[in-house]
Amino acid sequence: MNVLVIGMGYVGTTTGLVLCEQGHKVIGLDIDKNKINSLNDGKLYFYEKGLDELLISHLNRENITFTTESMDAIQSSDIIFICVGTPKNEDGKADLQYVREVAMLIGRYINNYKLIVIKSTVPVGTAETVTNIIMENNRDHIPFDVVSNPEFLREGNALSDATNPDRIVIGSSNMEAAKMVSELFTKMTAPIVMTTSKTAELVKYASNSFLALKISFINELSTLCDRMNIDIDEISMGMGLDHRIGPYFLKAGLGYGGSCFPKDVDALLTTSKEYGVNLSILEQVVSINESKPLYFIEKVSRTLGELKNKRIAVLGLAFKSGTDDTRESPSLRIIEYLLNAQSIVRVHDPVVTTSMKEVEQFTNVIDTVRDVDAVLICTDWEEYKQLDWSKVKEVVKQPFVFDGRNILNKDELTKVGIHYYGIGKP
């Protein structure tokens, strides 16, 4: 099929390339000329493992092209995926500005039957909104259908998640349209859930909110483990072996970040209030998550004393490993706390380059930690796990390591003379 993907963020780009893998011809559309030029040159403008090779492969085979020309792209496609961003407004609601603009363009340029698939994370009822906007701009009353097909991609694992999904959720009032969408994924073995658009939209928010709940629960429990001198990782292992709970998202640390969990939890809370329902458990999830970076800094200050003029190395800027995304990253909040305390901050990240003028960034870890009073692990990059910590001990001013992701082996660091502090670790 001829497929158009609108919005060349990590969701849209990944979706387009995976559809190429399924045997379809794809056009990628975005208003950002710099993004389009970069993608047409075979250069991924964001970091996502494995995606750059796939981009070059399908460009060479002419399975995918990228453009900024809306009319031609819409009129030459049979199926249109909406993958534009839905950022959070100040009131917590999802901003549907870009979704609405896309719907207006589709209605204006529609020339024959189109199947519109909403993959962006959107509030309940958005499929109806998109339908109405297209109808208002569709002067010739050309037929179309709107289907909800939420994405469940993890940044850093987007390609794997897109090619090997846990499930495919398709929501529509038209079963024939839903079947057409399912036929796009015939090479995948994941179970397909056919439901209504509203249900599909809520499944996405409910899924991310529940995962945020698991993260906040284990992080809250790690505070108790600190007080009781109990290893939170052993608690997680004991819990995770219960098949009703599972081992995933039970890793204690600095809290969740990124573009999805914070935004989606807030959006679900806002929706619940509009319907007069108080989801108090999710309110606590947000509160717990916001408290973790400050709790971590307090642990540092209790050990080092006053942080003014202390030289601190922060390892990791991305909100998690495998991505260059720093949105809602706990690391940035920790840096903010350190700067407010008038610490001298040095930073390192394998893929992120910061624009913060108040910090000094280094390209290798040893230079970053030289003569520092403490090292703070804020992102779970494999590079930090594999680091020769005996060399770190040789160059630091004071051998204090605060592991905000519990990725290091305390015994190994202790052997080389480093004082190790984890999250919920004895």
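Where helices (runs of 4 or more DSSP H) fall wholly inside the stretch 105-213, the ranges with 2 or more residues that are within 26 Å of the chain's Cα centre (by Cα), assigned by TED's automatic domain parsing to the domain that holds LEU44 and not small (Gly, Ala, Ser) are 126-137, 158-163. Taking (1) in contact (Cβ under 8 Å) with a residue 40 or more places away in the chain; (2) farther than 22 Å from GLU328 by Cβ; (3) surrounded by 14 or more Cβ atoms within 10 Å (Cβ to Cβ); (4) out of contact with any helix residue (DSSP H, G or I) (no Cβ under 6 Å at 6 or more places or on another chain) in turn, LYS393 satisfies each apart from (1).
Hey, any hits in the stretch 209-216 for a residue that's more than 30 Å from VAL300 (Cβ to Cβ) and at pLDDT 95 or above? Yes, because at least one residue in the stretch 209-216 is more than 30 Å from VAL300 (Cβ to Cβ) and at pLDDT 95 or above. Pairing residues of the stretch 64-82 that are touching a residue at least 40 places away in the same chain (Cβ under 8 Å) with residues that are aliphatic (A, V, I, L, M) and in a loop (DSSP other than H, G, I, E, B), at Cβ distances under 6 Å and at least 6 apart in sequence or on separate chains, gives ASP78/MET1; ILE79/MET1. Would you say VAL122 is crowded, with 16+ Cβ neighbours inside 10 Å and within 24 Å of SER209 (Cα to Cα)? So VAL122 fits the description; yes.
Looking only at residues of the stretch 176-190 that are without any contact (Cβ under 8 Å) to a residue 24 or more places away in the chain and farther than 15 Å from LYS114 by Cα, we find that the one that is surrounded by the fewest Cβ atoms within 10 Å (Cβ to Cβ) is THR189. Of all residues in the stretch 239-256, none are surrounded by 18 or more Cβ atoms within 10 Å (Cβ to Cβ) and in a helix (DSSP H, G or I).
Does the stretch 283-302 contain at least one residue that is surrounded by fewer than 17 Cβ atoms within 10 Å (Cβ to Cβ), in contact (Cβ under 8 Å) with a residue 60 or more places away in the chain and assigned to a loop (DSSP other than H, G, I, E, B)? The answer is no; no qualifying residue exists.
Limited to the stretch 359-389, what total is found for residues that are of a type in the set (D, E, K, R), farther than 10 Å from ILE312 by Cα, surrounded by 15 or more Cβ atoms within 10 Å (Cβ to Cβ) and touching a residue at least 40 places away in the same chain (Cβ under 8 Å)? Qualifying residue count, the stretch 359-389: 1.
Looking across the stretch 21-39, the residues that are in a helix (DSSP H, G or I) and either touching an Asp or Glu at 6+ places or on another chain (Cβ under 7 Å) or not basic (Lys, Arg) (or both) come down to GLU21, ASN34, ILE36, ASN37, SER38, LEU39. For SER259, state whether it is farther than 20 Å from TYR421 by Cβ and at pLDDT below 95. Taking the combined requirement at face value, the residue satisfies it. Just checking, which of GLU90, GLU101 is closer than 29 Å to ASP264 by Cα, part of a loop (DSSP other than H, G, I, E, B) and out of contact with any Ser or Thr (no Cβ under 7 Å at 6 or more places or on another chain)? Only one candidate passes the filter, namely GLU90. The stretch 318-385 holds helices (runs of 4 or more DSSP H) entirely within its bounds, and those carrying 3 or more residues that are under 30 Å from GLY85 (Cα atoms) and outside the structural domain of GLY253 (by TED's automatic domain parsing) map to 330-340. Please verify whether GLU53 is surrounded by fewer than 18 Cβ atoms within 10 Å (Cβ to Cβ), outside any helix (DSSP H, G or I) and free of Cβ contacts under 8 Å to residues at least 12 places away in the same chain, treating the condition exactly as stated. No; evaluated as a whole, the condition is false for this residue.
Each residue in the stretch 397-418 was checked for being within 17 Å of GLU298 (Cβ to Cβ) and either out of contact with any Lys or Arg (no Cβ under 9 Å at 6 or more places or on another chain) or not small (Gly, Ala, Ser) (or both), and 4 of them qualify. Could you list, in sequence order, the residues of the stretch 65-78 that are in a strand (DSSP E or B) and surrounded by fewer than 21 Cβ atoms within 10 Å (Cβ to Cβ)? Correct list: THR65, THR67.
The values are calculated or read from the model by the stated rules, or taken from the named source; none is laboratory data. The model shown is predicted, which means the values in this text are computed figures rather than measured ones. Every residue, glycine as well, gets a Cβ built from its backbone with ideal geometry; the counts of neighbours run over all protein chains shown.
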